[in-house]
Amino acid sequence: MKKNLLAIAALLALNVNAQHFCGTDEYVQRKAASSPEMAKQLNDMYVKMDAYRTAPKPASRAAKTIIYVPVVFHVIHNNKAYGVGENISDEQVQSQIDALNRDFALQAADTSTIPAEFKPLAANTYVQFCLAKFDPQGNPTNGIERIAFSKISWNNENEIESQMKPSTIWDRKKYLNIWTCVMGGDFNNGGMVLAYATLPYFTSNTTDGVVARYNTVGTTGTLMGSQKGGRTIVHEVGHWLGLLHIWGNQAGCYDGTFNTTDFIDDTPDQYDKYFGCPSYPQYSCGTSNMFVNHMDYTDDNCRTMFTKDQADVMYNTINTGGSRASFKTAISNCYYSIDGAMRAVLLPTDTICNLSFKPVIEVKNEGIATINSATIFYKIDNGTFQSIPFNKTLGIQDKSYITLPLQTVTAGDHTLTVTFEKPNGITIDDNTANDILTVNFYAYDGGFALPAPILEDFELGNFPPDNWTIDNKGTANTWEGGQASAYNYGFYSAVINNMNYTSNPKGTRDALITDDYDVSQIGMPNLKFDMAYCRVNVNRYDSLAIYYSFDCGMQWNLIYKNGGTAIATAPDQTAFFIPEDTQWRSINLPLPATVGQNKVRFKFENISNWGNALYLDNINIYGTPLSAINNTIAKVDVSVYPNPASDFVYISLPTIHPFTKVEVFNIMGQKISSQNISQRVVELNTQLLSNGTYFIRLTGNNIIQHESLIISK
Ligand SMILES: [Ca+2]
Ligand SMILES: [Ca+2]
Ligand SMILES: [Ca+2]
Ligand SMILES: [Ca+2]
Ligand SMILES: [Zn+2]
């Protein structure tokens, strides 16, 4: 123990100049010191939280109904133009909402880096956030208020509490208020404070909410060095929903007092905060510390998870009464009641290399009510509208791809107009502004497409294969024929050597582009391939991105992107990597947006960062049966995460879905497990599965759907 404390002392000494990060503790302590009544409220809060800490916890967590919290951003600026300095752009604000929703749903890509011992504790909170669509008077808004004060900098808590907040706050019972501004003065002294929040206790109608420096907001725009992930505000909203810092509110191992605990059972006892991003593991108080928790002080690229108990505390802060209970029903400040939306046209885009094609559109339920039916109208140029019925079920925020019937046009310029109308049979929905889209496109005959299924195993030995192309960026080192073949079948593959830094500097994108394929006759198209890769070391790793194109490569749609350890099949090595027979993995990507298409090509893009060699082999485009319900409608929007998975995996289904059973099969077709579906999110324990590719089969009345699952430990 003594050794541990010495190590901690050394750590703190190193970080003496580090940022203070969060002012919530000090804010709360000052509040408590301001009156005996406040002090009593703080103690009452601790007593309540301690009762939760010691209460028995459920062995497993059921999926919950998502609670949507309307948010208003007050962008406080000193008479700056839109998008300049602290008058941050709408895009930057939206990127913060996206970051909140990503992290509160445990959906960030870097959750794959959570250490294995903490992974089983990482949780979806079932709390989501939306920019307000209606202000307190019921008028339309985008949820972003821009307010000019003639004030260069907000220099202490009192200025914010007595001036900024009371003059701008929206009803704290209907909106989470987030203020962004320039913070200086006291906030720069004794360690920089980036943000602070009010807790769900001693709430005041004039000050409740989160304040953050403008350059910690979201993931785009001007951001401070280590705050580029939108996680300053994720941390603060954790406070706003009732969480304390993971080490408690003062340094020390838990000693039975209220100051040395976070009142959360499944976060390990921790002596003090961590800064930066320490290497794993770190020990104090006899535990391996969870410095990747959102309630620590580590950098944005280090904090990746809330625990199950933290998730329950936040959810219950709203769900079981108290000062935030009104948020259970505040969703009508964000969404209309019935609102179907025509979201996007995926095909045709600007130019298509085909005179006959099936348009692909994306529709979304942007209202609160579930949509069970609607009508889709479409026309080319000034023709008459045709229609098809939409009879899928879309819960709130659910979206779906629809493939329309075959259209034939002459070479030249055209328009496609599509509408999503009559949701649930009503004549017009509550928001008609998002019902219609018109796109312009140019069509020409781009020639023949090979009918799928196809398999390219590179065994003819010519590279690139016939009608494939290489897009070489940088000066040398690009895709070439590889002298290794997946799983010891054959002799050849495709490979790119990333070790030459001068010819392929960081960020160079070398692409291997396939021929065109006709996938219209194979049901649900899938792209399956084998890959092998290793890094050089933690700083030298590359990425793989995969795209498809409907227009012979004019525009590309991303379907896969991963890098570093997430794609590695072998340990780091400094010598040129030649994979062993076992150092390969298979990846399968279902492609619902390509259903029925007669011309699709694919691009495999290597993004260099001076790592080792990346191999591809056995590129296979094949079909699985479409659902028997409606061939014009693509599959149910199911997400499987994390994927690749190690010890557990979640299958997330739309709010209303047709499935009753989930089964897991290995690549030999042997059934591994089977269970009935009783929750919208199904948790599968995969601890006993060895590395490899598996198939998840979802079965319901008259429908079967497959998802692929990679186990990688
Ligand atoms: Ca704890
Ligand atoms: Ca609408
Ligand atoms: Ca091969
Ligand atoms: Ca190159
Ligand atoms: Zn904090």
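The values are calculated or read from the model by the stated rules, or taken from the named source; none is laboratory data. Treat the numbers as computed from the prediction; the structure is a model and nothing was measured. Virtual Cβ from ideal backbone geometry, glycine too; neighbours counted across all protein chains shown.
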Task: From G507, G481, G474, G490, residue being free of Cβ contacts under 8 Å to residues at least 24 places away in the same chain and away from ligand 5 (no atom under 16 Å from the Cβ) - done: G481
TODO: Kindly list the number of the only condition in (1) within 16 Å of ligand 2 (Cβ to nearest atom); (2) buried (at least 21 other Cβ atoms within 10 Å of the Cβ) that fails for A330.
DONE: (1)
Open item on the list: Any residue at all in the range 473-481 that's of a type in the set (A, V, I, L, M), closer than 28 Å to E580 by Cβ, outside any loop (DSSP other than H, G, I, E, B) and not assigned by TED's automatic domain parsing to the domain that holds P359?
Closed with: no
- [ ] Assess whether F327 counts as being under 27 Å from Y126 (Cα atoms) and within 16 Å of ligand 1 (Cβ to nearest atom).
- [x] no
TODO: Search the range 252-268 for residues being of a type outside the set (S, T, N, Q) and in contact (Cβ under 8 Å) with a residue 40 or more places away in the chain, and hand back the single one that is nearest to ligand 4 (Cβ to nearest atom).
DONE: D266
TODO: Just one of (1) under 28 Å from I396 (Cα atoms); (2) in contact (Cβ under 8 Å) with a residue 12 or more places away in the chain trips up Q137, so point out which.
DONE: (2)
Task: Given (1) under 22 Å from the mean Cα position of the chain (by Cα); (2) small (G, A, S); (3) assigned to a helix (DSSP H, G or I), number of the condition A116 does not satisfy - done: (3)
Open item on the list: Within the range 116-145, take every residue that is at pLDDT below 95 and closer than 30 Å to P644 by Cα and give me the one that is surrounded by the fewest Cβ atoms within 10 Å (Cβ to Cβ).
Closed with: A116
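Taking the criterion of being farther than 16 Å from G482 by Cβ, touching a Leu at 6+ places or on another chain (Cβ under 9 Å) and aliphatic (A, V, I, L, M), would at least one residue in the range 597-607 satisfy it?
Within the range 597-607, one or more residues are farther than 16 Å from G482 by Cβ, touching a Leu at 6+ places or on another chain (Cβ under 9 Å) and aliphatic (A, V, I, L, M).
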Task: Residue list for the range 534-578, filter: surrounded by 18 or more Cβ atoms within 10 Å (Cβ to Cβ), in contact with a helix residue (DSSP H, G or I) (Cβ under 9 Å, 6 or more places away or on another chain), among the hydroxyl-bearing types (S, T, Y) and not in a loop (DSSP other than H, G, I, E, B) - done: S543, Y548
Open item on the list: Let me confirm something: among F458, F448, which residue is in a loop (DSSP other than H, G, I, E, B) and within 16 Å of ligand 3 (Cβ to nearest atom)?
Closed with: F458
- [ ] With the condition kept exactly as written, say whether any residue in the range 314-322 is among the aliphatic types (A, V, I, L, M), under 21 Å from P200 (Cα atoms) and not in a loop (DSSP other than H, G, I, E, B).
- [x] yes
TODO: Tally the residues that are aromatic (F, W, Y) and either outside any loop (DSSP other than H, G, I, E, B) or closer than 25 Å to D171 by Cβ (or both), restricting the search to the range 72-92.
DONE: 1
Task: Filter result (in a loop (DSSP other than H, G, I, E, B), touching a residue at least 40 places away in the same chain (Cβ under 8 Å) and of a type outside the set (G, A, S)) within the range 230-251 - done: L241, L243, L244, H245, I246, W247, N249
Open item on the list: When you scan the range 177-192, do you find a residue that is surrounded by fewer than 22 Cβ atoms within 10 Å (Cβ to Cβ) and free of Cβ contacts under 8 Å to residues at least 24 places away in the same chain, even just one?
Closed with: yes
Task: Count of residues meeting criterion [surrounded by 15 or more Cβ atoms within 10 Å (Cβ to Cβ) and under 18 Å from T113 (Cα atoms)] in the range 279-293 - done: 8
- [ ] With the condition kept exactly as written, say whether any residue in the range 410-417 is loosely packed, with under 15 Cβ neighbours inside 10 Å, at positive phi, away from ligand 2 (no atom under 16 Å from the Cβ) and at pLDDT 95 or above.
- [x] yes
- [ ] Identify the single condition in (1) at pLDDT 95 or above; (2) in contact with an Asp or Glu (Cβ under 6 Å, 6 or more places away or on another chain); (3) aromatic (F, W, Y) that Y548 does not satisfy, given that it satisfies every other one.
- [x] (2)
TODO: Please indicate, with yes or no, whether at least one residue in the range 215-230 is in contact with a Phe, Trp or Tyr (Cβ under 8 Å, 6 or more places away or on another chain), at pLDDT below 95 and not polar (S, T, N, Q).
DONE: no
